[in-house]
Amino acid sequence: MNPSENVSSPRRGLTVALVGNPNTGKTSVFNSLTGLHQKVGNYPGVTVEKKTGSFTFSDTDVELIDLPGLYSLVPKSLDDKIASDILTNPKNKISVIDIIVLVADASNLNRNLYLLTQIMDIGKPVILALNMMDVAKRNGLKIDVDCLQAELGVMVVPVVAKKNKGIDELRRGIVALGGKQDTLKTRHLQVEEEFSRVLEPVCDYLKENTYYNEDYCRSLAIRFISSDDAIKYLEGEWSRNLDGARLKKLIGTARKELEALDINWHMAEARLRYKWIDRMLGRCVTRSDIISSDISERLDKILTHSVLGPLIFLAIFAAIFQTIFSYAEVPMNWIDSGMHELGLLAARLIPPGLLQSLVIDGVIAGVGAVLVFLPQILALFFFLGILEDTGYMSRVAFMMDRVMRGAGLSGRSVIPLLSSFACAIPGIMATRTVHDWKERLITILIAPFMSCSARLPVYVLIIGAFIPAGSVFGVISYSALTLLSLYLLGILVAAVSAYVFKKTIKGTGRPSSFVMELPPYRRPSLRWTALQMVERARLFVTDAGKIILAVTIVLWFLASFPRSGGQGDDNDFAKTPIEQTYAGRFGKTLEPLIKPLGFDWKIGIGLITSFAAREVMVSTLATIYNLEDADEGSVDLRQALVSDTDPQTGKPLYTIWTALSLLVYYVLAMQCMATVAIVRRETNSWRWPALMIFYMTTLAYLASFTVYHIGKIWG
Amino acid sequence: MRTLNDLKPGETAVIDSFTENDADMDYLMELGVMEGTPVVFVKSAPLGDPIEIDVRGYHLSLRRSRARCIRVN
Ligand SMILES: Nc1nc2c(ncn2[C@@H]2O[C@H](COP(=O)(O)OP(=O)(O)OP(=O)(O)O)[C@@H](O)[C@H]2O)c(=O)[nH]1
Ligand SMILES: [Mg+2]
């Protein structure tokens with residue numbers, strides 16, 4: 001007998017889905033319930049895929065599913081569809097979900113209840129979690145929970161997810177409700193007698209040919225009559241059980257009959273539900289007259305002011321760059337000297353020879369060279385995190401919509417593109433919120449031009465080594481300015497590319513639109529931002545660290561063997577010229593191809609290893625220079641780059657023009673395998689990732705070539 | 001008749017009807033923007049377009065081309 005089955009009280013298992021409008025705090029509730037740290041942010045569309053977690057409460061194991069937000073069960077974008085599919089897809093005969101917890105924003109109940117009434121029609125047990133009760137109170141709203149419970153016929157639990165309030169009550173509620181069918185039924189879709197009669201043939205047809213219960217069939221019938229979009233959504237799914245043409249005909253007949261009765265069928269569902277909601281809320285919610293002065297609105301007047309708005313936007317980003325350059329330098333130096341000490345320690349502990357070289361020149365030099373940039377990357381994540389948490393991102397989208405239109409996009413693409421500054425992968429995932437497929441595709445194709453955090457180590461290394469000290473008017477240093485220019489270059493090329501794609505890719509023909517909710521500003525939670533930073537730092541050190549370590553070890557081997565002479569005397573090891581090793585020979589073979597860009601074989605090796613991750617360029621150069629360096633201990637990489645000389649001419653190997661050429665190459669080239677894989681997944685074809693590799697790399701090559709040759713002519 | 005597009009910042013009006021019935025308008029209705037709903041024109045973006053409205057207690061942005069299809073009084 002299986003021992004786990006032999007327990008006195010059998011444990012129950014429940015599967016619970018968290019659904020609700022975007023940005024109502026579903027993920028915050030999820031995190032509070034499970035103790036996990038999924039990403040939250042103050043803009044609609046943070047969660048774009050299904051996430052699961054679990055908790056146990058009084059002998060019940062609850063499997064929790066966090067879903068992307070949606071406004072209605074007629075999905076408009078892929079993230080909506082993911083949520084909607086889980087709840088309603090007729091293919092899941094018996095849907096796995098036992099309870100639906102609808103997380104609503106209590107300060108904005110009216111619209112939130114639209115989805116609730118739709119979901120209640122599905123016939124699953126529903127709990128309404130009234131989140132953001134703190135905000136509702138602050139806004140002077142008095143919500144009568146008992147009244148809501150009675151009117152809606154579902155359990156209502158007030159919570160403040162951010163402060164962990166009401167979470168235990170919610171746990172208790174979930175477990176108490178169990179998988180019990182909801183018996184309290186109310187009809188939110190109250191229609192006239194004649195309307196009801198017209199609906200009947202459609203209802204009957206749905207009842208016979210779907211797995212849905214009577215209530216939901218009625219709800220669906222009204223939805224299909226209301227809009228063609230709803231029909232389109234189910235078209236893909238019904239083929240097995242339903243005859244689409246027949247259903248459409250029934251709907252057409254019903255619409256005509258309604259017209260004869262002088263009933264407006266267009267969006268009847270929205271009209272009926274909102275009518276019911278307005279009346280119900282009138283009974284359960286009162287608004288005190290003392291309207292607290294709306295800080296959010298006053299703040300917004302300044303932040304999206306026609307002149308100040310764009311200026312503040314630029315100032316914020318200039319400040320971020322300046323911080324990345326100046327303040328992050330301090331912790332950087334700590335890590336750097338720590339690594340140096342570690343190198344010295346290893347030199348003392350490990351006898352000279354292959355092992356010492358592997359540890360010092362390979363692992364410590366390589367991994368350390370990238371680790372040094374952790375403060376910069378964290379600083380970038382910190383600022384992006386704060387911007388995401390405050391609600392400013394949505395305002396940037398609002399301000400940029402007009403500009404994006406020129407490139408065939410809308411403000412909706414702004415947030416995915418801004419996320420791409422951290423990493424293109426979440427950025428590309430975030431494009432799921434873009435409604436139009438063509439707009440989404442264009443956004444995916446240009447997202448990698450946004451300089452991601454993995455490029456930062458390369459940028460900072462090269463800029464630090466080759467860009468002269470000094471500043472413009474003593475305000476912004478040349479270094480920060482160069483960095484800013486690299487980001488701007490990426491944005492500019494992205495804009496031009498988007499324009500070209502707009503003209504060449506075939507679209508759906510629907511007019512572009514920008515209907516988007518603008519959330520109120522919220523105070524960023526430093527605790528949360530710090531937590532997420534720690535999480536990202538951990539990921540960077542472990543995940544990226546593993547890649548860097550692996551590549552470094554392989555590289556160390558390739559750049560150390562075969563040994564010259566081959567006498568096997570370990571002490572001769574360091575004198576083996578790298579040019580003669582496997583890596584060196586490979587780099588030399590590659591050299592003719594990249595010579596026109598001003599790159600030598602060492603950079604060539606780095607370009608290859610960068611395919612694993614862009615920052616590996618830095619660890620690669622560190623390993624190569626440490627192997628070349630005869631002395632024990634680690635070399636200063638910047639110094640090594642500046643003082644490297646061409647063995648034939650004796651002149652410096654790298655000039656500022658080589659540096660600029662390399663920087664431009666890193667801005668534009670498609671080097672990230674992980675991005676290629678995600679584009680393949682999100683576009684469901686090899687066509688787009690292939691195009692991406694081709695056009696980005698071609699652009700990068702041409703641009704670097706141009707920069708380097710301008711430099712050569714200049715002198 | 002005036003449209004949502006003609007309102008000044010801070011002005012309140014009640015939606016009268018839509019002059020167009022496409023998917024985008026359906027979406028607005030699902031979001032609670034429909035006949036009889038009061039709206040406040042909050043402001044327009046720095047470049048004049050899109051605009052921000054306050055409807056049913058939350059803020060929504062939409063383009064002027066859409067606002068022109070919404071009659072108000
Ligand atoms: N004041 C207050 N803010 C909250 C509360 N719960 C969540 N928030 C904030 O609301 C914002 C949205 O939270 P999320 O948990 O990301 O919301 P979501 O519903 O998962 O959003 P999407 O995944 O985009 O649909 C964040 O800024 C949270 O910090 C709450 O109870 N009170
Ligand atoms: Mg979420």
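Looking at B:SER61, B:SER17, which one is facing chain A (nearest Cβ under 7 Å) and assigned to a strand (DSSP E or B)?
So the residue among B:SER61, B:SER17 that is facing chain A (nearest Cβ under 7 Å) and assigned to a strand (DSSP E or B) is B:SER61.
Could you say which residue among A:GLY650, A:GLY584 is surrounded by fewer than 20 Cβ atoms within 10 Å (Cβ to Cβ), in the same structural domain as A:LEU488 (by TED's automatic domain parsing) and farther than 24 Å from A:ILE463 by Cβ?
A:GLY650
State which residue is surrounded by the fewest Cβ atoms within 10 Å (Cβ to Cβ) when the search covers only the range A:95-104 and only residues that are away from chain B (no Cβ under 14 Å) and in contact (Cβ under 8 Å) with a residue 60 or more places away in the chain.
A:VAL96
Of everything in the range B:29-62, what is under 17 Å from A:PRO44 (Cβ atoms) and out of contact with any strand residue (DSSP E or B) (no Cβ under 7 Å at 6 or more places or on another chain)? Give them in sequence order.
B:GLU30, B:ARG56, B:GLY57
Tell me, yes or no, whether the range A:49-63 has at least one residue that is away from chain B (no Cβ under 14 Å), within 16 Å of ligand 2 (Cβ to nearest atom) and aliphatic (A, V, I, L, M).
No, every residue in the range A:49-63 fails to be away from chain B (no Cβ under 14 Å), within 16 Å of ligand 2 (Cβ to nearest atom) and aliphatic (A, V, I, L, M).
Just one of (1) touching a residue at least 40 places away in the same chain (Cβ under 8 Å); (2) under 30 Å from A:PRO416 (Cα atoms) trips up A:PRO125, so point out which.
With respect to (1) touching a residue at least 40 places away in the same chain (Cβ under 8 Å); (2) under 30 Å from A:PRO416 (Cα atoms), A:PRO125 is out only on (2).
Give the number of residues within the range A:118-145 that are away from every other protein chain (no Cβ under 12 Å) and farther than 19 Å from A:VAL160 by Cβ.
8
When you scan the range A:10-23, how many residues do you find that are at negative phi and within 9 Å of ligand 2 (Cβ to nearest atom)?
2
Based on this model, can you work out whether A:VAL285 counts as within 14 Å of chain B (Cβ to nearest Cβ) and either closer than 30 Å to A:VAL616 by Cα or β-branched (Val, Ile, Thr) (or both)?
yes
Which of the residues that make up the range A:101-136 are within 16 Å of ligand 2 (Cβ to nearest atom) and farther than 15 Å from B:TYR58 by Cα?
A:VAL101, A:LEU102, A:VAL103, A:LEU115, A:ALA129, A:ASN131 - these are the residues of the range A:101-136 that are within 16 Å of ligand 2 (Cβ to nearest atom) and farther than 15 Å from B:TYR58 by Cα.
Being more than 14 Å from chain B (Cβ to nearest Cβ), closer than 30 Å to A:VAL135 by Cα and either over 20 Å from the mean Cα position of the chain (by Cα) or within 16 Å of ligand 1 (Cβ to nearest atom) (or both) is the filter here; which residues of the range A:510-559 pass it?
Hits for the range A:510-559 are A:ARG523, A:PRO524, A:SER525, A:LEU526, A:ARG527, A:TRP528, A:THR529, A:ALA530, A:LEU531, A:GLN532, A:MET533, A:GLU535.
Could you say whether any residue in the range A:105-112 is touching a residue at least 40 places away in the same chain (Cβ under 8 Å) and more than 13 Å from every other protein chain (Cβ to nearest Cβ)?
No, the range A:105-112 contains no residue that is touching a residue at least 40 places away in the same chain (Cβ under 8 Å) and more than 13 Å from every other protein chain (Cβ to nearest Cβ).
Checking the conditions here, which among A:LEU220, A:LEU314 is within 14 Å of chain B (Cβ to nearest Cβ), of a type in the set (A, V, I, L, M) and in a helix (DSSP H, G or I)?
None of the other options fit; the residue is A:LEU314.
Are any of the residues in the range A:228-249 among the aromatic types (Phe, Trp, Tyr) and at pLDDT 85 or above?
No, because not a single residue in the range A:228-249 is among the aromatic types (Phe, Trp, Tyr) and at pLDDT 85 or above.
Out of B:MET34, B:MET29, report the one residue that is within 12 Å of chain A (Cβ to nearest Cβ), surrounded by 14 or more Cβ atoms within 10 Å (Cβ to Cβ), not in a helix (DSSP H, G or I) and not acidic (Asp, Glu).
Unique residue meeting the criteria: B:MET34.
So which residues in the range A:678-708 are without any contact (Cβ under 8 Å) to a residue 12 or more places away in the chain and assigned to a helix (DSSP H, G or I), if there are any at all?
A:ARG680, A:ARG681, A:ARG687, A:ALA690, A:PHE694, A:THR698, A:LEU702, A:THR706
Evaluate the following for B:THR12: is it touching a helix residue (DSSP H, G or I) at 6+ places or on another chain (Cβ under 7 Å) and polar (S, T, N, Q)?
no
So B:ALA45 fits all but one of (1) surrounded by 23 or more Cβ atoms within 10 Å (Cβ to Cβ); (2) at the interface with chain A (Cβ under 8 Å from one of its Cβ atoms); (3) closer than 21 Å to A:PRO75 by Cα; what number is the exception?
Here B:ALA45 clears every test but (3).
Before we move on, is A:ILE377 modelled with pLDDT under 85 and either in contact with a strand residue (DSSP E or B) (Cβ under 8 Å, 6 or more places away or on another chain) or under 20 Å from A:PRO331 (Cβ atoms) (or both)?
yes
If I go through the range A:27-48 residue by residue, how many of them are more than 10 Å from ligand 2 (Cβ to nearest atom) and out of contact with any Gly (no Cβ under 7 Å at 6 or more places or on another chain)?
Total satisfying the criteria: 4.
The values are calculated or read from the model by the stated rules, or taken from the named source; none is laboratory data. From a predicted model like this one, the values you see are computed outputs, not experimental measurements. Here the Cβ is made from the backbone with ideal geometry for all residues, glycine too, and neighbour counts use every protein chain on show.
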